[in-house]
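Let me begin by presenting the structure, written as structure tokens, before commenting on it.
The values are calculated or read from the model by the stated rules, or taken from the named source; none is laboratory data. These figures come from a predicted structure and were not determined experimentally. Quick reminder, even Gly has a Cβ in these numbers, built from the backbone with ideal geometry, and neighbours come from all protein chains shown.
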């Protein structure tokens with residue numbers, strides 16, 4: 001740009017300073033951008049504090065209980081096989097399972113029939129336990145009276161199952177973890193090798209001693225007796241024999257002491273392992289029993305929740321169904337005498353109830369209006385299918401009397 005007179009004031013007059021409003025807008029935008037960076041934090045906190053239905057909260061635990069109910073009977077059956085092996089070893093007086101091969105043919109036949117009987121008992125225990133647990137806990141979940149016979153029978157079956165499974169698990173852990181028998185065999189081999197080593201040395205000394213003593217005793221061979229060198233040799237041989245005996249006893253005692261300590265530690269470790277296995281098996285049996293209880297409690301609470309949210313129809317065996325209620329409409333003539341009677345079905349509520357409500361698609365936390373046509377109260381939605389402001393409006397919508405409903409449910 002060219003100026004007539006190159007004066008600095010004329011140049012400055014052409015400069016435009018940014019207006020204050022633009023600066024203010026820039027500051028406000030920066031603050032909004034800064035706060036927007038924390039939106040994820042607030043959203044995450046809101047999602048965690050949002051009310052979640054019980055059906056969704058405990059759904060994973062419900063699946064876990066169902067899987068455990070299916071898997072554990074097979075595991076319990078395998079543990080029961082340990083009881084069969086324990087009985088077999090006790091019946092044949094065998095120290096190990098592998099030694100059963102040396103039993104007689106008649107003994108093996110008897111063991112086979114007894115094992116089949118025990119396995120059949122295991123199957124019966126598992127089947128009865130499953131049937132009784134479902135029956136008892138279903139009755140408890142529906143708040144009905146449980147028969148004492150069923151409860152006692154379930155307790156007896158549970159004790160039998162724990163006894164068989166825990167005994168089998170303990171025996172299997174003993175067979176797999178016991179090292180004392182191998183250590184005892186190793187100890188005996190070490191003792192035999194030491195005794196053989198010293199036996200060779202003692203044999204040489206015995207020959208020397210016996211030869212010199214025969215010369216000393218028989219006058220026909222040596223009328224003059226033993227020489228001084230032979231007497232000294234005899235004395236040294238006898239002294240060496242005593243020292244070898246002492247050294248052998250000392251070495252055997254040291255090895256026995258060492259192995260006794262190792263065997264004691266092994267036995268202690270095996271005993272602790274067996275106790276831990278018994279505790280774990282008992283806890284698994286109790287968890288299996290709890291899985292039956294939780295399954296029925298979960299089903300009952302989900303059913304109640306479905307009725308409360310209006311997902312399930314609040315009818316029982318087809319009673320009080322608004323779709324089946326028929327209201328008579330009487331048409332009269334001028335003389336007030338009934339002429340004809342027509343019946344119309346109130347299907348408006350049924351049709352609306354069978355379809356999704358318009359408020360179902362509204363996000364949780366939004367203020368909505370009660371779906372009961374007789375009520376115009378507005379409230380904040382607390383769950384994905386929260387449709388009515390109160391139980392009274394929900395029951396009125398479905399055609400129930402509130403007082404009769406409370407009396408029926410014991411409220």
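Residues in region 389-399: is at least one at pLDDT 60 or above and over 15 Å from residue 309 (Cα atoms)?
As a first pass, look at region 389-399 and keep what is at pLDDT 60 or above: 389-399.
Filter once more, keeping what is over 15 Å from residue 309 (Cα atoms): 399.
Yes, some residue in region 389-399 is at pLDDT 60 or above and over 15 Å from residue 309 (Cα atoms).
Checking the structure you have, find out if any residue of region 282-302 is out of contact with any strand residue (DSSP E or B) (no Cβ under 6 Å at 6 or more places or on another chain), modelled with pLDDT under 90 and under 30 Å from residue 74 (Cβ atoms). Please lay out each step first, then the result.
Filtering region 282-302 for residues out of contact with any strand residue (DSSP E or B) (no Cβ under 6 Å at 6 or more places or on another chain) gives 282-302.
Narrowing the set further to residues that are modelled with pLDDT under 90 leaves none.
No.
Is it true that residue 261 is out of contact with any helix residue (DSSP H, G or I) (no Cβ under 6 Å at 6 or more places or on another chain), closer than 14 Å to residue 180 by Cα, in the same structural domain as residue 197 (by TED's automatic domain parsing) and without any contact (Cβ under 8 Å) to a residue 12 or more places away in the chain?
yes
Residue 406: at negative phi, modelled with pLDDT of 50 or more and surrounded by 10 or more Cβ atoms within 10 Å (Cβ to Cβ), yes or no?
yes
Tally time: how many residues in region 121-150 are part of a helix (DSSP H, G or I), surrounded by fewer than 14 Cβ atoms within 10 Å (Cβ to Cβ) and in contact with a helix residue (DSSP H, G or I) (Cβ under 7 Å, 6 or more places away or on another chain)?
The qualifying residues number 0.
Read through the list (1) buried (at least 16 other Cβ atoms within 10 Å of the Cβ); (2) assigned to a loop (DSSP other than H, G, I, E, B); (3) modelled with pLDDT under 80, then give the number of the only condition that residue 356 fails.
Only one criterion is unmet by residue 356, namely (1).
To keep it simple, each residue is scored yes or no on (1) more than 30 Å from residue 282 (Cβ to Cβ); (2) part of a helix (DSSP H, G or I); (3) at pLDDT below 85.
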site	(1), (2), (3)
166	no, yes, no
175	no, yes, yes
191	yes, yes, no
206	yes, yes, yes
230	yes, yes, yes
235	yes, yes, yes
253	yes, yes, no
268	no, yes, no
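Determine if region 156-164 includes at least one residue that is free of Cβ contacts under 8 Å to residues at least 24 places away in the same chain, under 30 Å from residue 254 (Cβ atoms) and part of a helix (DSSP H, G or I).
Within region 156-164, not a single residue is free of Cβ contacts under 8 Å to residues at least 24 places away in the same chain, under 30 Å from residue 254 (Cβ atoms) and part of a helix (DSSP H, G or I).
Give the residues of region 109-120 that are surrounded by 14 or more Cβ atoms within 10 Å (Cβ to Cβ) and either more than 16 Å from residue 82 (Cβ to Cβ) or modelled with pLDDT of 85 or more (or both), sorted by residue number.
Within region 109-120, 110 is the sole residue that qualifies.
Residue 105: farther than 17 Å from residue 125 by Cβ, at pLDDT below 70, exposed (fewer than 13 other Cβ atoms within 10 Å of the Cβ) and out of contact with any strand residue (DSSP E or B) (no Cβ under 8 Å at 6 or more places or on another chain), yes or no?
Details: farther than 17 Å from residue 125 by Cβ: yes; at pLDDT below 70: no; exposed (fewer than 13 other Cβ atoms within 10 Å of the Cβ): yes; out of contact with any strand residue (DSSP E or B) (no Cβ under 8 Å at 6 or more places or on another chain): yes.
So residue 105 does not fit the description; no.
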